[in-house]
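The values are calculated or read from the model by the stated rules, or taken from the named source; none is laboratory data. What you see is a predicted model; the values in this text were computed from it and never measured. In this analysis, Cβ positions are derived from the backbone assuming ideal geometry, glycine residues included, and neighbour counts consider all displayed protein chains. These accessible areas exclude ligands, DNA and RNA; they are computed on the full protein's heavy atoms, side chains included. Shrake-Rupley method; radii C 1.70, N 1.55, O 1.52, S 1.80 Å.
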Amino acid sequence: MNECSHVSALPHPEPAPLSETCLECLAAGSHPVQLRLCLSCGHVGCCDSSPFRHATVHFKETGHPVMRTFEPGENWRWCFVDGSIV
């Protein structure tokens, strides 16, 4: 894993999830494939394997750089800006 400047700027503790699933998928009548948690604000969005890619849309709209998987048993983080696991 790489360390990036965005990780050190994240809030501690990490924000609580704002939902248990991707609310944008629910509103669109879609099913999220995998969930991602924004580590800046707690937004929960679907991954890029989902039809609407709401986690990436959230990054593009807000600039919040780092998310982590919101799937049980997984613990990796991704920096959208650096394009790498951090």
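Descriptive notes on the structure:
- Some residue of the stretch 7-15 being surrounded by 20 or more Cβ atoms within 10 Å (Cβ to Cβ), closer than 18 Å to Val81 by Cα and either touching a strand residue (DSSP E or B) at 6+ places or on another chain (Cβ under 8 Å) or in contact (Cβ under 8 Å) with a residue 60 or more places away in the chain (or both): no
- Selection from the stretch 24-34 of residues that are among the small types (Gly, Ala, Ser) and either on the phi > 0 side of the Ramachandran plot or part of a loop (DSSP other than H, G, I, E, B) (or both): Gly29, Ser30
- Considering residues of the stretch 22-34 that are in contact with a strand residue (DSSP E or B) (Cβ under 9 Å, 6 or more places away or on another chain) and either closer than 23 Å to Pro11 by Cα or without any contact (Cβ under 8 Å) to a residue 24 or more places away in the chain (or both) only, the residue least open to solvent (accessible area, probe 1.4 Å): Cys22
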